[in-house]
1. For the Cα atoms of the chain, what angle does the longest principal axis make with the long axis of helix 128-141, in degrees from 0 to 90, nearest 10?
2. Give me the angle, in degrees from 0 to 90, between the Cα long axis of helix 103-116 and the longest principal axis of the Cα atoms of the chain, rounded to the nearest 10.
3. Just the number, please: Stokes-Einstein D of the chain in µm²/s, Kirkwood Rh from C-alpha pairs, 20 °C, 1.002 mPa s.
4. May I ask what percent, to the nearest 5, of DSSP beta bridges between residues of the chain are antiparallel?
5. May I ask you to derive the FRET efficiency for residue 184 and residue 51 from their Cβ-Cβ distance with R0 = 51 Å, giving the value to the nearest 0.05?
6. List residues of segment 225-265, by number, whose backbone nitrogen lies under 16 Å from a label position 7 Å along Cα→C-beta of residue 111.
7. Jot down the radius of gyration and Dmax of segment 126-182, Cα atoms only, both in angstrom.
8. Distance between the C-alpha centers of segment 59-86 and segment 112-177? Whole Å please.
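Bear in mind these aren't lab numbers, they're just calculated from the coordinates by the rules spelled out. Note that the coordinates shown come from a computational prediction; the quantities given were computed from them, not determined experimentally. Virtual Cβ from ideal backbone geometry, glycine too; neighbours counted across all protein chains shown.
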């Protein structure tokens, strides 16, 4: 059965790669593309390819008029929540690729999806190797009490921490043992230098030229350390396969599911 797909953020770094993959797959049909910069143009031509018969539009509301099964969102932190809730209200499942949402945002999305009987899926990172980093870190947290997360990204990344780091910290918080390090509340000096707390894990975000996206879980025990790290490359290819896997499976159940490991295990 062919899955009708809308891609929002269709001319972006990851969104454009997803558009091309959807067009190349036999079980998908691209029915909509959302990209303000390319509005009114054939999305194929906007991406430097042959025309594909799909005209880009400026908003998700316009794209939903075409009728779709799944919306893939790779837009911006400011737009993703509204786009997601709009699609859910229209009975369209959503694969969330955009970072920047907080736990309360995900809770609201889950409630809306449950109420509408619609599936939604989100992952901090759709790369298989990034998913393995999270999986290995969760294993380590069962045995090593002290862990903190460091998040590296380019100078222009608009949200902090990255979706990868946020999801990792949230997941670690649910399984980690009590820390042995001094509580931030008990520290003197400039407490902000200890990073920000997400759940029970301290997260430190660096935003510097020269980075694409990296994330690491640092574990410490008496006399030893363990570092589990993922480094992203310079193109979006690693995220495409995981995104398409989510598109194929997002409609399996109503409500929001989070974490690509739920689908690859």
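1. 30
2. So the inclination is approximately 40 degrees.
3. Numbers: Rh = 19.2 Å.
It comes out at roughly 111 µm²/s.
4. Working: 20 of 47 bridges.
About 45 percent, rounded to the nearest 5.
5. On the way: r = 56 Å, r/R0 = 1.09.
In this case the efficiency is close to 0.35.
6. Within reach of a label on residue 111: 255-256.
7. Gyration radius and largest Cα-Cα distance of segment 126-182: 12.4, 36 Å.
8. A separation of 23 Å, based on Cα centres.
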